[in-house]
Amino acid sequence: MLGLNKKDTSFLLIVIALTLLTPFMMQPFPEGSGLAQFNGGYPDLMQKIAIFGIFAVGFNILFGLTGYLSFGHAAFLGVGSYAAVWMMKLLTMNVVPAILLAIVVAGLFSLLIGYVSLRRSGIYFSILTLAFAQMSYKLAYSVLTPLTNGETGLQLTLNDPRILDGAPETSSLPVTHFFGIPMNASTKLELGSHVFTFNTGYYFCAIVAIIAFYIAIRIFRSPFGMMLRAVKSNQQRMTYTGLDPKPYTLAAFVISGMYAGLAGGLLAAMDPLAGADRMLWTASGEVVIMTILGGAGTLMGPVLGAGVIKYLENIFSKINESVLHSWFHWLPDGLEDVVVWIFARFTGEGWHLTLGVTFMLVVTFLPGGLVEGLTRVSHRLRNGKKSKDKLDDPDPEHHPDPEKHVV
């Protein structure tokens, strides 16, 4: 189907099903229960997981296939956001033109940076991309203030021309939409004590994420993807065969930058605000952690990594000491304070410590990321089932001893 083999088609269908059912999976606990704090089925978090999943999948095309580690991909995320907001200010609040402009601008910007950075490899390439990202961040705060609005960030105003939309009919800022369907529209479904939220913005991001994921599968399985793996495996040997790796690595860099621009455009489509903080080096480091945590070089790994990190960021960061006291109130007073103090180091403002410990454990025991862990569990379940079938087989003649038939 759609140019994919049977295995990849089944994999894509599973990804589609999981993506569309995310509002159910992210809301496992009843409302009002003590565990409802861990529910993540609200639009903002689900949108971030889909958007940063796109960002990580695009980064994985560069890092996972070619082995080139970029520390400057946040620059393309920020440029995409700025381009999208400018499109909404000048032309229309429809998100489609904004996202298309974000992809084009990020692609051109990545072509420029990639052409210069890819003249070096290894750590020198990484430092070059980091330098370009930091220059972009500083320029957005200083020289390019007329375009970026500096520290305040680029945002919508009532005086924006919006040529296609015309003059605003109300005194409030317009809402982003997809051909008239507002991005902030939500529908709630109550099933017993569970409340599930279905948000237009999330499903728009989800559909875009599925399309981006499908394109990534085609790239991974294509001859182009094989050439990128050859670059990662042994670039010198590839050169000896008469093939120039530079066009392939530059193409991978630009495609990866366009994915980042798409993610930046979607961020602006969900919340029409673009700031230079999206271009900061920490944002570039975050996508690196997402990819490694999930499993670099795999298709599903970056998405899993993005989901885990955004979940920790949005859920664990909201667990403060008052919430912890409500959980451990049954303990004696002295012991309760000690337990709350310990857990508070890993929640609230200290959620980064939880992320750090998680990343350390995964890298130490699962070098292939979360995907490797899932693969190990799958293999153990299969081997356990095979062993059980052999034990339960009542007819040993079905499995004769080969030594008895040796002539």
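The values are calculated or read from the model by the stated rules, or taken from the named source; none is laboratory data. The model shown is predicted, which means the values in this text are computed figures rather than measured ones. Glycine gets a Cβ as well: all are built from the backbone with ideal geometry, and neighbour counts include every protein chain shown. Heads up: the accessible areas ignore ligands, DNA and RNA and are worked out on the full protein's heavy atoms, side chains in. Shrake-Rupley method; radii C 1.70, N 1.55, O 1.52, S 1.80 Å.
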### Query
Roughly how many nanometres apart are two label points built 7 Å out from the Cα toward the Cβ at residue 138 and residue 335?
5.6
#### Entry: Calculated diffusion of region 213-291, Stokes-Einstein form, Kirkwood radius summed over Cα pairs, 4 °C and 1.567 mPa s, µm²/s
88
### Task
Could you calculate the contour length gain from residue 352 to residue 158, that is, 0.36 nm times the residue separation minus the distance between their Cα atoms, to one decimal place in nm?
66.0 nm
### Query
Mean projection of the alpha-carbon convex hull of region 1-137 over all orientations, in nm²?
12.3
## Note on the structure
Counting Lys and Arg as +1 and Asp and Glu as -1 over every other residue whose Cβ sits under 15 Å from the Cβ of residue 313, the net charge comes to 0
### Task
Note the listed values (i) -0.36, -0.77; (ii) -0.24, -0.70; (iii) -0.30, -0.78, then indicate which one is log10 I(q)/I(0) by the Debye sum over Cα atoms at q = 0.06, 0.10 Å⁻¹ calculated from this particular structure.
(iii)
### Task
Using only alpha carbons, build the gyration tensor for region 241-333 and give me the equivalent ellipsoid semi-axes, biggest first, whole Å.
38, 18, 10
#### Entry: Sparsely packed trypsin sites (Lys or Arg not before Pro) within region 24-131, loop by DSSP, other Cβ within 10 Å at most 14
119, 120
### Task
Quote the convex hull volume per residue of region 71-176, based on C-alpha atoms, as a whole number of Å³.
97
### Query
So, in nm, how far is label residue 229 from label residue 25 when the simple model puts each one 7 Å beyond its Cα toward the Cβ?
2.6
### Query
In deg cm²/dmol and to the nearest 500, what is the mean residue ellipticity at 222 nm of the chain if only DSSP H runs of at least 4 residues count, each as -39500 (n - 2.57), divided by the residue total?
-21000 deg cm²/dmol
#### Entry: Virtual spin-label span in nm between residue 375 and residue 218, 7 Å along Cα→Cβ
2.6
### Query
What whole-number value in Å² describes the accessible area per residue of region 17-143 for a 1.4 Å probe?
37
### Task
Evaluate E = 1/(1 + (r/R0)^6) for residue 121 and residue 360, where r is the Cβ-Cβ distance and R0 equals 35 Å; express this FRET efficiency to the nearest 0.05.
0.80
### Task
Give, in nm to one decimal, the length gained when the segment between residue 172 and residue 207 is fully stretched (0.36 nm per residue of separation minus the Cα-Cα distance).
9.7 nm
